[in-house]
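Throughout, read-outs are computed from the coordinates displayed, never taken from laboratory work. None of these values were measured; they are calculated from a predicted model. Cβ: placed from backbone, ideal geometry, glycine included. Neighbour counts: every protein chain shown.
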Amino acid sequence: MIYVNHNAINEIFEPSERISDPRERWPLLSRLEQELTERVAKQIARTAYDLKKLQWSTDQIADEMGKTKPEIKRLIRYYSDTMNVWNPLNPSTATDFVDLSKIVAKKK
C-alpha cells in the first residue's frame, strides 16, 4: 500500500487558503506549482534511472510508468546529467574500467 501524507500536503497549501485576494494568492500558488512539479519530475527521473540500473528495459519502464519510451530515455538522460552520474543508456561509457595504458609498455 502506498501512503500519501495528506497532513503534509494540507500544510503546503494552508498559506494559500488563508489569502482571500486572488491577486495575492496567485504568486504563491504559481511558485508552489513550479516547486512541486520540479521535485516530482526529479523523483520520477531518479526512479526511471534506478530501474534502468536494475537492468529493466526502457520498454518495461515506460509500461510501468505509463510514459513513452522516448520520455523514459529523456528522464534517464536528465537524471544522469544533473546528478553527474553514469548514464545506463550508454553502457560503453561506464566508469568502472581500468586504464591499462600506464601498465602496458609502449612500442617504439
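A few notes on this one:
- The chain, relative contact order [Cα under 8 Å, separation at least 6], %: 16
- The stretch between residue 12 and residue 31 holds 5.7 nm of extra length on full extension. This uses 0.36 nm per residue minus the Cα-Cα distance.
- Our analysis of the chain gives Rg over Rh at 1.24, with the two radii drawn from alpha carbon positions and Rh computed by the Kirkwood formula.
- Karplus-derived 3J(HN,Hα), 6.51/-1.76/1.60, for each residue of the range 20-26, Hz, glycine and proline x: 7, 7, x, 5, 8, 6, 4
- Cβ charges +1 (Lys, Arg) and -1 (Asp, Glu), total dipole of the chain, debye: 980
- Dividing the summed helix terms, -39500 (n - 2.57) for each DSSP H run of n ≥ 4, by the number of residues in the chain produces a 222 nm estimate of -21000 deg cm²/dmol to the nearest 500.
- Cα gyration tensor of the range 39-83 - equivalent ellipsoid semi-axes, whole Å, descending: 15, 11, 9
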